[in-house]
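Following: one structure in structure tokens, then a few remarks.
Read the figures in this text as sums done on the coordinates, not as results from a lab. Source: prediction; values computed, not measured. Positions of Cβ are backbone-derived with ideal geometry, glycine not excepted, and every protein chain shown enters the neighbour counts.
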Amino acid sequence: MEITMLARLNNDHKHIAILLNILKVKYSRLEVGEAVNYNLIRDIVEYMQSYAEHSHHPLEDIIDSYYMAKYSPEARDEKLAKEHQKLTEFSASLMANLNLILSDVVVSREQLIIDLKSYVAEQEEHMVYENSTIFPLWSKMTDEEDWKNIQQECSLKLIDDPLFNDDDNVLFEELREYINSDDTD
């Protein structure tokens, strides 16, 4: 059970890294004055909002709360939950700007570049923190009963990844096609 939950979270991180790399390409192109597909950028942020913020991060919060309560109550720390909240605010702000752009409202290219760079940097720093500090702590929980309890608590937040799965879901179809192609726009 533990292996499954942590493997899922690690797999999510790999998928998120793919999307962050696409955003890096997009803001690099913006920096040199090239055109980019703003719909694709919005789809990435929308994916982060719909999946990472509503399933991935809540799962992490549940596991962290369980771990802290049972194994480290004296060191109770809300850092992870605070980072998740900060990332939610970042993506909401970025999404608002992208929606303005897609509605033909003028938004400073320079500001969008700064926002995209900050967003990517925050997401990457957050994943490094989780991969190097948080996940190794959780992997020390070896009691199968703990993981069954966590699984039960997580069941309400567990959703299938709407982008990186094998079903015929049309949500994020353009983004899925982009990832699977050699398209450079």
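Just want to confirm a number: the relative contact order over region 2-179, from Cα pairs under 8 angstrom separated by 6+ residues, in percent.
38 percent
How would you rank 102-115, 15-28, highest first, on the average number of other Cβ atoms within 10 Å across their residues?
Highest to lowest by the protection proxy: 15-28, 102-115.
Mind putting a number on the dipole of the chain about its Cα centre? Charges go on the C-beta only, +1 for Lys and Arg and -1 for Asp and Glu, and I need it in Debye to the nearest 20.
Here the size comes out at about 500 debye.
Report, to two decimal places, the Cα Rg of the chain normalised by 2.2 N^0.38 Å (N = number of residues).
The value comes to 1.11.
Any chance you could count the Lys pairs in region 2-179 whose alpha carbons are under 16 Å apart, treating pairs 8 or more apart or on different chains as valid?
So the count of such lysine pairs works out to 8.
Tell me what the chain gives for mean residue ellipticity at 222 nm when only DSSP H runs of n ≥ 4 count, each as -39,500 (n - 2.57), the sum divided by the residue total, rounded to 500 deg cm²/dmol.
Only helices count here, giving -21500 deg cm²/dmol.
With axes computed from alpha carbons, what is the tilt in degrees of helix 144-154 against the longest principal axis of the chain, rounded to the nearest 10 within 0 to 90?
It works out to around 40 degrees.
What's the angle, to the nearest 10 degrees (0 to 90), between helix 109-129's Cα axis and the longest principal axis of the chain?
Result, in degrees: 20.
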